[in-house]
Each structure stands twice: as C-alpha cells, then as structure tokens.
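What follows is a structure written as structure tokens; I'll ask about it next.
We did not get these values from a lab; they are worked out from the coordinates using the rules stated. Just so it is clear, the structure is predicted and the values come from calculations on it, not from any experiment. All Cβ positions, glycine included, derive from the backbone under ideal geometry; neighbour counts span all protein chains shown.
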Protein chains: 2
Amino acid sequence: MTYRYAQATGRTKRSEIRELLKWTRKPGIISFGGGLPDSNLFPIRDLAAITDEVLTKKGYLALNYGPTEGEADFLAAIADHMKTYGDPASIEQICVTSSSQQGLDLMTHLFIDPGEPVLMELPSYLGAIQSFQRGGADMRGIPMDDEGIRPDLLEKELKSLAAQNKPPRFIYLIPDFQNPSGINMTLERRQQVLEISRRFAVPLIEDSPYREMSFAGKILPSLWSLSGGRGVIQLKTFSKMLLPGMRMGWITGEPEIIDQAVKMKQSTDLCTSSFSQLILAAYMQKGKMHQMIRDAIALYIPKRDKMLKGLEENMPKAATWSKPQGGMFLWVTLPEGLDTAELFMIAIEHKVAYVIGRPFHCDGSGANTLRLNYSFPSLEQIETGIAFLGRAVSEFIKAKIKP
Amino acid sequence: MTYRYAQATGRTKRSEIRELLKWTRKPGIISFGGGLPDSNLFPIRDLAAITDEVLTKKGYLALNYGPTEGEADFLAAIADHMKTYGDPASIEQICVTSSSQQGLDLMTHLFIDPGEPVLMELPSYLGAIQSFQRGGADMRGIPMDDEGIRPDLLEKELKSLAAQNKPPRFIYLIPDFQNPSGINMTLERRQQVLEISRRFAVPLIEDSPYREMSFAGKILPSLWSLSGGRGVIQLKTFSKMLLPGMRMGWITGEPEIIDQAVKMKQSTDLCTSSFSQLILAAYMQKGKMHQMIRDAIALYIPKRDKMLKGLEENMPKAATWSKPQGGMFLWVTLPEGLDTAELFMIAIEHKVAYVIGRPFHCDGSGANTLRLNYSFPSLEQIETGIAFLGRAVSEFIKAKIKP
C-alpha cells in the first residue's frame, strides 16, 4: 500500500538527539544526555500505599472516564500547589494535560497555522520546536543573554513582523531555569517582556517545568502572576518534579483559553487518566510533593557543584558554561566553528555522552553548544564523566584549532 | 488579550451530545446516554495488589519515561491478547496510545489535510468525526445495511473521487458491533470491502473497541487479519473491555505506519504512562483480562435481552431498532421527519435520557435516530427506563404524526 500522508507528517522528523542517545546504551558509557530526575527519589512505597487508598475509597472514579478538564480533587491540589509557588489560579483557569508535551500540542492546535510566525528563545526546548514545526510555524529565534531573552531584539522582530502585517501567534518562553541554557530570566526582564507583549498584543506562552527546582531558595514571580492572569498561558508538568512515568501536567490560562483547550483536548485524547490524577492528588494533599521537591533540591545542589568543579578542573580554556541556580541542565559553549555533533563520537570513545545543542535552535545555529544533565547521574559518575569529557573536548579542540 | 486562533480551532466544536448529557445529572433521570462499562466489574482489589507488585519489582521503570512506542512488557501482552482474538501481530507492528481517541488523533495527523476526502460509515463514531473534522477532512458518509457498509455505494463514491483525481486518504470502518449502530459486518462484506480498498489503493482504518464483547461466542476475522497486515491500520482501546480511566489503547499497522505514528506521537505526548502500562501488562499476563471479558459478557447479555424485551413491550410500532450480538449499544430509528433532539426534552420530563443520533452522521442526516447504552445501567433501570422511553416516544409520535 502506498500511503498518502498529510503535510504535517512530512514536517515531522525523527529527533536527531534520540538517534545519538542510542550510543549511550553501550556498556560503560556515562551519559549526561537525558533529562531524568534522580530515580532514587521515586516514592515507591508511598505511591503503593496511596494507590491502595485511592482504589479503596474512589475506585469507581479512578477507573472511569473523567471530565476533559480534569478530576476535581486534582484541580484543587494543583491550585494549592500553584499558590505555594506564587501563582494564584482558580479551577476555571486550569486544564489537566498528559504532561507538558500535550500542553505544547494543544498550543500548536489552538494557535498555529502553516507559515504563521511564532517567537521563541534561542536556544529553546526541543519538544516545543518539534511540536510547532509539525504545525508548520514560521519559528523565529530571539537570542538570549545572561538575564534571559533580549528585549531589544524581541521588540525589533515584533516591529518587523508588524510592518509586514504578520503578527506572531505567540511568544514562547521558559523563564525559570531554562532548558537547555540554564538561564533564569531576571525580574526586570520578565516585566519588560510582559510590557512588550502587551504593547504588541501578542500572547505569551510560559513553559515552566523547572520553577520549583530553585537551589537558592528564591523563586521569581512568574509571567502568569505578573500578568494578573491576562495574556499569558502557563504550561506545567510533574515530570521534572517527580514522576515522568505518570505523564501528568496542566495548563493555566484565561477561562476563554481553557474552554478552547478543553474542546481541543476532547478530540486528541478525550481525558487524562483519572487513575493517575487521583493518585497524584492524594500524594499532594498529604503534603508529600513539597517534601519530595525539597529532597530533590538537596540532592541536586551537590551534583551541580560537582559538575561545575569538574568543568573548572578539566575543560580547556576555550570552553565556557552556565552556572545554573536551579533546574537540571548546564550549557556548554565551545568556540565558534566547532561542531559538537563531530565531538560526539570522540566523546563516546572517551566513554561519555551529552546532548548536542543545535536541535535546540529553531534557526539551525548553535552547532558549537552542548547540554549536560546533572540530576540523573551519581556524584561519582559526574566526577569521572566530566574528566572524560574534558579530555575529549581538549583533544577535539587541539585537532581543530591549529595554533 | 485578543487571541488569534488557528483554523483548526474554528473547526473544533463543543459536542452537542455533551451539552445534552448535562441534563442526565438531574436527580431521578435514568440515562442510557453514556458509553461506560458496568463499573461493578472494576477489579479494584486485583489492581491494588498488582500496582503494589509492579512498584516493588519495577518501580524504576514504572515511574520513569518510557519508549514512545510502549513498554516491552505491555507490547508483548498486547500481541498475546491479539493472537487470542485472531489478530496476529509482531511487536514492530504495534504502538501504544492513550486510548483509541489518541489513535484517531494520530490518524488525523498522519493522513488528513484540509479539504482532502475520507470515507466512513453512516452513522459512525462521534469521536472519529470530531477528530477528522478538526483536521478539515472532507468526510463522505457511506450508508450501511444490516450486513455493514454498502459495497456498491462505497465503490460508487471511490469511482467518483477517482474521476476527480481526489482519492480519499483512508476508509474508516468499525466492523465489530459498530458504535452507534450495533451492526456486525458480515465476513463476506469484510472481504468485499478489503478487495475494493485494494483495487482503489486506499488504506482501511479499522476501529475495533468492541471486538472482544461478542455475545454469541463467535468473532469474525478482522480486516487486519484478512489483509495479512497490509493496507489496514487497526485501532484498539481497553476502555470498553474494562478500564476507561486508565486511558490505554494501541494501534497496529505496517512497520512503516508504526514508524510514522511513533514520530508523530513524540510531538503530541512523548509517551504513554509507563505506570499504567506496566500495571495493565501484569494484569493481562495473569490471564485476568480474559476472565474479566467473560464476566462482562455474562453481565451484558441479560441487560441487552432486558432492553430488547422492554422495547418490544413499550415502543410504538413506528419505531425500529437493532438486535446487537455484541458491544454496548442499541440503535433506534423513528419515522423520517422526526427529530430526536426535539424528543429529548420530552424524554427528560419522563425521567429518561439517551444520545441523539444526528452527530454520528458526518453528513448531518440521522435526525430521526437515537442510541441506547445497556452496559452501564442496572437491569432494574433498563426495565423502568425503557418503559419511560416508550411513553415519551409514543407521546411524541402522537403529537407529531397526525392521523
């Protein structure tokens, strides 16, 4: 059978990173490639006890279809959680999703038509780029500095698009401990971005998987809270807090947006697992989520420190890297002209793997960058693996940059 | 903020049926509206024990990200299940989905471009119509008779489209105990449809949520098995066998299709819950799924019988209805010219609810039809509710059809 595919199928590529990650399954390779939480934290006994309790008390609800927008208990637990992190929202402003990838999928469905522009940071989250690409968006990357997206360049792009009468459908941002760059957008920058978005009447999509994972104890106001809930859609997931395998997340937005998202979700998966929603709701109601987040932070700080120390000691001078104050990732930049895809096979020979930076750039730039994860590997693996990486990078730069 | 929505958002309507079903929450209403399994069957204690076991033995896998195509244990359990029901498939031919609504969503993504034709039965499944509509498909309904879709009319439509050089992207069919009509496509008809689809080189999508729920002990060969796995994509769900709240299903197709579906699923939700996959895999490995299906059938047969008897005793002569040999639904046809949406409020006054038939028709016909569910209500509710319905219909027909 010769299948006649949709245009979206042609726009959807297999992830280059996924292909490279296959190498990391070779025995003896230390991988900084994934984006996984430390699985030592998984609350296995707590979840078994809570599942038993949920099935006993609410088995009928848990095993049946639920409302598309989410189970009442879970929506209430989410609103409580948001309040704790400075994000007030009412139930009518929340729709449960199957993790933030479905949040991104709903944004693509709601807003993107082929050829229509959307703006995003350079670099940005790979899963977002894949989703917007499927929709055929004309993605425009705005460079960042240490404080976040550059407001002057954002404004310039918006003006240029306004002049062409092609306003972007949205501006997609990851203000908190950005993946992949590790940059935390400053408060002043958040306020500037919000002001600009209002002036040009373009909605902001705030993707915030790492907000809770702040190492310095300080969490800046979100775009959602600064906006008073107007013109901002926030995407959230539990995958980075705790439990990627449960595929749980939510979006927050104006009731109009939630209404549209619920309609759209009906046609994509009808509703998210009531079983998992009620288990997570009970877990949160018992205050266990906050404890779990505190435990994760206590575990990740020494890992980040170990990785920073390892880079200081082992990387050649030509390389620079971010000093993340939260999240799971550290971002390394090599001199312009070098390609970390080329470095990758040398690193594999040195028994270490990472994620290449180019696919995080919607404009195809960033070949000289790479991303390291410190949440998943052990302290010992970080010490050994970064020494391996230092050797691989030194060898690579020596071969490439003739004196 | 004035949001600029995508064209797909404009094509996505809130379900009229969902709005009507709100009435069924009024106290005292007996509803035949939903499509729920009998929740007395939910294996609550089994699932609590199995969850404990899965978390103890495979907690790491269960709570982490899994492969987009599905967990190995679950894929193996699915292949075993399929074999039992006469559908041989290898692991490479299967991709796990978040129930069949995601299977439909992936079909829309893979195949539909705005304005491109797709063919389907008249009536057909509402969730499919919603999904294809979002994609902008030019849906063409082919009438059915008691043996299934009419092959002469299918061929006529295919010829007409071929003459316009607009071959349909696929033919969507529900051969087993169709929702909503309850019709089981005969073997001869299945063979004819397959032959026609091959002759016109158009793929078949076989949606098969009710295949296992056969009351007469006989299950006909699926289009998948008749095709030898070529040119047919089968969509499956566990929602009707047992557990809608776990949102679990799968698609089966040629490896080329599975490869495309996996790529597409990456951008929609990355992967389906490993937690729920491993729980269901263990449930199936213990042989409990087959027992559960047998129990459901034993429970549904007397319910179907009770409903048929009630209709015989209470409905006016002008009404006709299907005699389903499996599945969950019974389909009632009133004389042409009557509108079951108008009847609905009379039925509510009589304390009974159903689902109107028109939204199941992609061409907007079928105003004189309605769907009744017998799997969820109790025998007592069926007896009482069908008597109420008989009175409502008699009153309605009397008022409408002047002698």
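Based on the Kirkwood radius over alpha-carbon pairs, what value in µm²/s does the Stokes-Einstein equation return for the translational diffusion coefficient of the protein assembly as shown at 4 °C and 1.567 mPa s?
47
Name the aspartates and glutamates eligible as straight-distance cross-link partners of A:Lys351: C-alpha to C-alpha under 12 Å, and not fewer than 8 places from it in the same chain.
none
Across every pair of different alpha-carbon atoms, what Kirkwood hydrodynamic radius in Å does chain B reach?
Computed over chain B, the radius equals 22.1 Å.
Which value, in debye to the nearest 20, gives the size of the charge dipole of the range B:239-292 about its Cα centre, when Lys and Arg are +1 and Asp and Glu are -1 at the Cβ?
340
If Lys and Arg each add +1 and Asp and Glu each add -1, what is the summed charge of the other residues whose beta carbon sits under 11 Å from the beta carbon of A:Thr369?
Combined, the nearby Lys, Arg, Asp and Glu give 0.
Once label points are set 7 Å from the Cα along Cα→Cβ at both B:Lys166 and A:Glu188, what is their separation, rounded to one decimal in nm?
5.9
Given the rotation that superposes chain B on chain A, what residue of B brings its beta carbon nearest the axis, and what is the distance in Å?
Nearest-to-axis residue on chain B, with distance in whole Å, is B:Thr51, 2.
So which aspartates and glutamates pass the test for A:Lys317, namely a Cα distance under 20 Å, with those fewer than 8 places away in the same chain ruled out?
A:Asp146, A:Asp305, A:Glu336, A:Asp339, A:Glu342, A:Glu383, A:Glu395
What are the extents of the Cα atoms of the range B:1-132 along their three principal axes, listed from largest to smallest and rounded to whole Å?
Principal-axis extents of the Cα atoms in the range B:1-132, largest first: 49, 45, 44 Å.
Quick one: grab the alpha carbon gyration tensor of the range B:223-344, order the square roots of its eigenvalues as a ≥ b ≥ c, and give me rounded if a/c is under 1.5, else prolate or oblate depending on whether a/b is larger than b/c.
prolate
Quick one: Debye curve from the alpha-carbon atoms of the range A:34-111 only, equal weights, vacuum; give me log10 I(q)/I(0) at q = 0.13, 0.19, 0.21 Å⁻¹ to two decimals.
-0.60, -1.17, -1.25
Considering only DSSP beta bridges with both partners in the protein assembly as shown, what is the antiparallel share in %, to the nearest 5?
So the antiparallel bridges amount to about 55 percent of the total.
While we're looking at this one, here's another question. So what is the relative contact order for the range B:1-112, in percent, with contacts set as C-alpha pairs under 8 Å and at least six apart?
After rounding, I find 14 percent.
First check a/c for the range B:126-274, with a ≥ b ≥ c the square roots of the eigenvalues of its C-alpha gyration tensor; if it is under 1.5, answer rounded, and if not, answer prolate when a/b is larger than b/c or oblate otherwise.
oblate
Going by Cα centres, the range B:59-98 and the range B:307-370 are how many Å apart?
Centre-to-centre (Cα) distance: 38 Å.
How crowded by other chains is B:259-267, given as the mean number of beta carbons from other chains within 10 Å of each beta carbon?
6
Over 29 Å between C-alpha atoms is what I'm after, so list which of A:Lys309/B:Lys263; A:Lys240/B:Lys57; B:Lys159/B:Lys240; B:Lys218/B:Lys263; A:Lys83/A:Lys263; A:Lys166/B:Lys13 land there.
The pairs that break the limit, which is 29 Å between Cα atoms, are A:Lys309/B:Lys263; B:Lys159/B:Lys240; B:Lys218/B:Lys263.
Grab the Cα-Cα distance for A:Lys83 and A:Ala49, subtract it from 0.36 nm times how many residues apart they are, and report the gain in nm with one decimal.
Length gained between A:Lys83 and A:Ala49: 9.6 nm.
Continuing with the same structure: Could you identify which residue out of B:Phe42, B:Phe388, B:Phe170 has the top mean-square fluctuation in a GNM of chain B using Cα springs shorter than 10 Å?
B:Phe42
Report the charge-dipole magnitude of chain B in Debye, nearest 20, computed about the Cα centre from +1 at each Lys and Arg Cβ and -1 at each Asp and Glu Cβ.
With Lys and Arg at +1 and Asp and Glu at -1, about 760 debye.
How far apart are the B:Leu21 label points across copies, placing each 7 Å from Cα toward Cβ, in nm, shortest first?
Copy-to-copy label distances for B:Leu21: 3.5 nm.
From other protein chains only, count the Cβ atoms within 10 Å of every residue's Cβ in B:244-251, then give the mean.
6
In peptide A:48-59, how many Cβ atoms from other protein chains are near each Cβ within 10 Å, on average?
Average neighbour count from other chains, rounded to a whole number: 4.
For the range B:224-265, give the magnitude of the charge dipole about the Cα centre (Cβ charges: +1 Lys/Arg, -1 Asp/Glu; no others), in debye to the nearest 20.
Charge dipole of the range B:224-265: 220 debye, to the nearest 20.
Given the -39500 (n - 2.57) contribution per DSSP H run of 4+ residues, what per-residue ellipticity at 222 nm results for chain B, rounded to the nearest 500 deg cm²/dmol?
So the calculated ellipticity at 222 nm is -14000 deg cm²/dmol.
For all pairs of alpha-carbon atoms in the range B:286-403, what percent lies in each bin of width 10 Å, listed from the first bin to the last filled one?
14, 43, 29, 11, 3, 0, 0
Using alpha-carbon pairs under 8 Å, 6+ residues apart, how would you state the relative contact order of chain B in percent?
Value for chain B: 24 percent.
Classify the range A:226-278: rounded, prolate or oblate, from the alpha-carbon gyration tensor (a ≥ b ≥ c, eigenvalue square roots; a/c under 1.5 rounded; otherwise prolate if a/b is larger than b/c)?
Oblate is the answer for the range A:226-278, as a/c is 1.5 or above yet b/c matches or exceeds a/b.
Something else now. Quick check: Cα centre of the range B:186-239 to Cα centre of the range B:14-39, how many Å?
Computed from Cα coordinates, the inter-centre distance equals 30 Å.
If each label sits 7 angstrom from Cα along the C-beta direction, how far apart, in nm, is A:Pro114 from its counterparts in the other copies?
1.0
Once you list every other residue whose beta carbon is under 13 Å from the beta carbon of B:Ala353, what net charge do they have if Lys and Arg are +1 and Asp and Glu are -1?
+4
Okay, moving on. Each label point is 7 Å from the Cα along the Cα-to-Cβ direction; what then is the distance between the points at B:Lys159 and A:Gln291, in nm?
7.3
Sticking with this structure for a sec: Tell me the distances, shortest first, between A:Glu312 and the same position across the other copies, using label points 7 Å along Cα→Cβ, in nm to one decimal.
Its label point is 8.7 nm from the equivalent points in the other copies.
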